[in-house]
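Presented below is the structure to which this report refers.
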Amino acid sequence: MAALALAPSAFAGTFTPESGGSPNANHIAGLYDLTLYVALVIFVAVEGALAYALIRFRARKGRVAKQMHGNTRLEIGWTIGAALIVTVLAAATFISLHSIRDPVNSGPGGLDISDGVQYETTGAIKPPNGRALTIQVNGIQYIWRYTYLGNTSNPDGLGDPYSYYQMVVPTNTTVILKVVSQDVVHSWWIPQLGGKVQAVPGYTNYTWFKIAKPGNYKGQCSFLCGRGHARMIAEVTAVSPARYVQWINQQKAYLAAADAQASTFRAELSGKPGAAAVELTNK
Ligand SMILES: [Cu+2]
């Protein structure tokens, strides 16, 4: 029990999940808080009554236990009591689910998105005004790749800027994540920004977050995906919208430069005998 209690992950967010990065994560933590406090009250009451009974009615010489059978009023009482507690927890959960699942609109200081860049697919989510920044999260053994959709007219992200490991996003902006996988099942999870979302080959799953203040939010793949699973970590960096635009332009410039260089090399190789020529003649 001591070893279990000292496990670092047990203290990830003291007693409830990490939160504070995005409203959906806060609602998840709120539900945990409610359940935890209700459970704490019950735990203290039950254990207290047990300890009291053990001490007050402990065995002594000449003491005879009272013989009785059942207590109808008590039994009906605790059945109704338990049902009430479960009803309250279920109601609170269903009320919260909406604010965990459905994205909100971007804030006033967010990135200016003139039009929703997301195209319709089954199960897609979007904020009430339809405007959000959409990023595709691709799980790959053993790295996360992010494609910043909407920078070209290609709806599938071909030609859009991308990055690995570190995702850069603007603050006060609703970010919709399209979570996919190209090999095995992975699970996207940045605890402070919301719950886990599985990345399943052939399917697209959705989640969202909206970060109020600049900062780094760390997470990891949370579904055993192979021997490099432990290294499959991720980081979301929130910056001001102006800084984000600067960063995305920089990424585009880097990718354009790399593409240009690759074209030069290809042109050069095709004119020379060597690996490329051998490959061609072998066909
Ligand atoms: Cu993994």
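The values are calculated or read from the model by the stated rules, or taken from the named source; none is laboratory data. Keep in mind the model is a prediction, meaning the values are calculated, not measured. No Cβ is skipped: glycine too gets one built from the backbone with ideal geometry, and neighbour counts run over all protein chains shown.
Worth a mention:
- Qualifying residue in region 235-253 (condition: within 16 Å of the ligand (Cβ to nearest atom), surrounded by 14 or more Cβ atoms within 10 Å (Cβ to Cβ) and in a strand (DSSP E or B)): yes
- Residue, nearest to the ligand (Cβ to nearest atom), within region 134-161, restricted to residues that are within 11 Å of residue 181 (Cα to Cα) and not in a loop (DSSP other than H, G, I, E, B): 139
- Whichever residue in region 194-234 is outside any loop (DSSP other than H, G, I, E, B) and among the small types (Gly, Ala, Ser) and, among such residues, is farthest from the ligand (Cβ to nearest atom): 215
- Taken over region 161-205, the criterion of being in contact with a helix residue (DSSP H, G or I) (Cβ under 9 Å, 6 or more places away or on another chain) and either within 12 Å of residue 138 (Cα to Cα) or outside the structural domain of residue 252 (by TED's automatic domain parsing) (or both) is satisfied by 162, 163, 186.
- None of 70, 109 is part of a loop (DSSP other than H, G, I, E, B) and touching a residue at least 60 places away in the same chain (Cβ under 8 Å) except 109.
- Residue match in region 182-193 (condition: more than 20 Å from residue 102 (Cβ to Cβ), in contact with a His (Cβ under 6 Å, 6 or more places away or on another chain) and within 13 Å of the ligand (Cβ to nearest atom)): no
- Number of the condition not met by residue 58 [criteria: (1) more than 26 Å from the chain's Cα centre (by Cα); (2) at pLDDT 90 or above]: (2)
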